[in-house]
1. Residues that are among the aliphatic types (A, V, I, L, M) and more than 15 Å from L10 (Cβ to Cβ): does region 43-61 have at least one?
2. Hey, does region 39-62 have a residue that's free of Cβ contacts under 8 Å to residues at least 24 places away in the same chain, of a type in the set (G, A, S) and open to solvent by 40 Å² or more (accessible area, probe 1.4 Å)?
Amino acid sequence: DGAKYLAEALCHSNCKLQELHLFGNNIGPDGAKYLAEALCLSHCKLQKLNLGNNNIGEDGANFLAEALCHSNCTLHTLNFSASAIGDDGAKYLAEALCHSNCKLQ
């Protein structure tokens, strides 16, 4: 899975990437999980993530919501439009937006 390899790179101490645009790359829940795990690590400097037009689904939205609540997450912008998150996914993300650690603007 390509998202897994990208997530591994984001975790590397030498990675300085601040923006990642993955619009329309067929990323599913597993890919969202890998990216969410990377967002929780102190080495990850990502501030903008575009996951629009993917199939992250409700499970993927939940993984991302959990990452947004993590104190190490530096993400300021997240696009998940047309990513089939459903009602439950929207609920998870809405709850994350209210968390004190969430830095989305």
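1. So far as region 43-61 goes, yes, one or more of its residues are among the aliphatic types (A, V, I, L, M) and more than 15 Å from L10 (Cβ to Cβ).
2. no
The values are calculated or read from the model by the stated rules, or taken from the named source; none is laboratory data. Keep in mind that what you see is a predicted model, and the values were worked out from it rather than measured. Positions of Cβ are generated from backbone atoms using ideal geometry, with glycine treated the same way; all protein chains shown enter the neighbour counts. Ligands, DNA and RNA are excluded from the accessible area calculation, which covers all protein heavy atoms including side chains. Shrake-Rupley method; radii C 1.70, N 1.55, O 1.52, S 1.80 Å.
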